[in-house]
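So the structure is just underneath, and the comments pick up after that.
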Amino acid sequence: MRIARAVAVVAVLSLLGLLVWDVAHGNGPGAAQQVDKGKIVPAPALDLPRLNGAGRMTLASLRGKVVVVNFWQSSCVPCKQEARELAKTADAWKGKGVVFLGVNAQDLEGPAHAYLKRYGVTYPNVRDGIGATWPKWGVVGVPETFFVDRRGQLVPPHIVGPASRSELDAGIRRAQQT
């Protein structure tokens, strides 16, 4: 029980630290707020080490495809609730110009690997150990899911909380239309 409390305290302090850093540096609320207003905006850059593979992966390397970007943590209960649905949906869209990209943030590498294995997640995942990408994207918690069109633009919707298959399919179709 003490370990769980310690993990929760670290997570809260990390989020608070990111918020303070973001406010101090004047970066604003990130892209999520604009997408939530129905706007299409450039997707923030991602260039992170692969979690389930070697080397690094960039969002720019996926240009020309629709990308579903999902921020998650291994200790997040809502992330666990959506994990298998994301994996199934990724498999259903494989080979159709759609790529799922998981962003594991503020997490330990061992539990993150165990999470991927337990929930059958085989699509690419990158590791953002300290959550440095959160402010640019406007992520305030996990899970959060974004849709990037073929030109590298974030398109609505932005899903906060566990994403359903119907929400994922609708977001992908919207990104394909832009």
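Ranked by the mean number of other Cβ atoms within 10 Å per residue, highest first, peptides 32-44, 121-133 order as 121-133, 32-44.
The Rg/Rh ratio for region 126-178, using Cα coordinates for both the radius of gyration and the Kirkwood hydrodynamic radius, is 0.99. Using the alpha carbon gyration tensor of region 2-177, what are the three equivalent-ellipsoid semi-axes (square root of 5 times each eigenvalue), largest first, in whole Å? Semi-axis lengths for region 2-177 are 23, 20, 15 Å.
Read-outs throughout are calculated quantities, based only on the coordinates presented, and are distinct from any laboratory measurement. Note that the structure is a prediction, hence the values are computed from the model and not measured. So basically every Cβ, Gly included, is an ideal-geometry build from the backbone, and we count neighbours across all protein chains shown.
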